[in-house]
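Let me begin by presenting the structure, written as structure tokens, before commenting on it.
The values are calculated or read from the model by the stated rules, or taken from the named source; none is laboratory data. Values in this document were obtained by computation on a predicted structure and should not be read as measured data. For neighbour counting, all protein chains shown are included, and Cβ atoms are generated from backbone atoms with ideal geometry for every residue, glycine included.
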Amino acid sequence: MYQCKNGEEVILGALPFFHVYGMTTVLLLSVMACNKMVLLPKFDTEQVLKMIEKQKPTLFPGAPTMYIGLLNHPDIGKYDLSSIKACLSGSAPLPVEVQDKFEALTGGKLVEGYGLTETSPVTHANFIWGNRVKGSIGVPWPDTEAVIMRSADGEILPRGEIGEIAIKGPQVMKGYWKRPEETAMSFVDGWFLTGDLGYMDEEGYFYVVDRKKDMIIAGGFNIYPREVEEVLYEHEAIQECVVAGIPDPYRGETVKAYIVVREGKNVSEEELNKYCRQHLAAYKVPRIYEFRNELPKTAVGKILRRTLVEEEKQKMNELQVK
């Protein structure tokens, strides 16, 4: 069991400080606890691996794409990463497959947390000590309340039912600057509506199903991209993936998967289709696969699903014009 010690930790800072996630988990934590910071100007897998071996960081906050990038580096076996004792993953869902592999590689703990810019940013996290709950964002932080709410009428739902995650706490914003209408729509009886769909289990652990805006409605069925992505990440040839709903004249939306293949691996659309049909209900299986060299990301490594959707809409508009 690992417990952080003030003044003795070395924190690897590959997250930008202009983003609230990097500012709190690297900069403020280091200053508050008198810990050493090892800073990098940007995330580069080769640089990160060399820095870990040289500076021996014990804590490494990051995003799932960072851990995926390291796991897929061709020379990963040449570096000693055993100094890493704990990592908090945020900004995007952490695939269980990535979590297991990174823990096996380093011997440390990689746990998923959750938060938003509007909540400064963290509201939930798994415990670094003790057992983590796979696929869960953990439990609310101290002084933070969280419920699952039916946002249409503000009813708080029982455990196990899917609804919108709602938050109360000292870290929640007062409102959007000079946007009173949007602020009013984001709060119900003092609860901040996160825009994320999820549920709480019997032990009080929370799970994110997906962003409400990202849910795909195809032929009348609700499809959550994260569920499809978890299956794809278990395929040995896939390095990164993201699933999105794109316009479809018959089904309303159809499921499309954007794939980055691991170096040295090959996989066809037919193979992935067969694989997905073995692990998913038929209506959840992607109808289209697009292979790319890389996926669009934010500065903290979050894959920009909406950018890909906008690209699809632009393509459709151009076809209609022609």
With a cut-off of at least 1 residues that are closer than 25 Å to residue 131 by Cα and free of Cβ contacts under 8 Å to residues at least 60 places away in the same chain, name the strands (runs of 3 or more DSSP E) lying wholly within segment 1-90. 10-13, 86-89
Please go through segment 184-197 and pick out each residue that is farther than 19 Å from residue 214 by Cα and surrounded by fewer than 15 Cβ atoms within 10 Å (Cβ to Cβ). 184, 189, 190
Would you pick out the residues in segment 215-230 that are surrounded by 21 or more Cβ atoms within 10 Å (Cβ to Cβ) and either hydrophobic (A, V, I, L, M, F, W, C) or more than 13 Å from residue 95 (Cα to Cα) (or both)? 216, 223, 228
Among residues belonging to segment 116-147 that are surrounded by fewer than 18 Cβ atoms within 10 Å (Cβ to Cβ) and of a type in the set (S, T, N, Q), point out the one that is nearest to residue 210 (Cα to Cα). 117
Any chance segment 88-109 includes a residue that's outside the structural domain of residue 228 (by TED's automatic domain parsing), touching a Ser or Thr at 6+ places or on another chain (Cβ under 7 Å) and surrounded by 23 or more Cβ atoms within 10 Å (Cβ to Cβ)? no
Considering residues that are of a type in the set (Val, Ile, Thr) and within 16 Å of residue 92 (Cα to Cα), the number found within segment 232-261 is 2
Return the only residue of 198, 204 being of a type in the set (Gly, Ala, Ser), under 15 Å from residue 113 (Cα atoms), over 18 Å from the mean Cα position of the chain (by Cα) and not in a helix (DSSP H, G or I). 204
Odd one out for residue 311, checked against (1) closer than 30 Å to residue 14 by Cα; (2) within 21 Å of the chain's Cα centre (by Cα): (2)
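Residues checked against (1) in the same structural domain as residue 201 (by TED's automatic domain parsing); (2) out of contact with any Phe, Trp or Tyr (no Cβ under 9 Å at 6 or more places or on another chain); (3) part of a loop (DSSP other than H, G, I, E, B); (4) surrounded by 13 or more Cβ atoms within 10 Å (Cβ to Cβ):
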| position | (1), (2), (3), (4) |
| --- | --- |
| 149 | yes, no, no, yes |
| 152 | yes, yes, yes, no |
| 158 | yes, yes, yes, no |
| 161 | yes, no, yes, no |
| 165 | yes, no, no, yes |
| 171 | yes, no, yes, yes |
| 176 | yes, yes, yes, yes |
| 182 | yes, no, no, no |
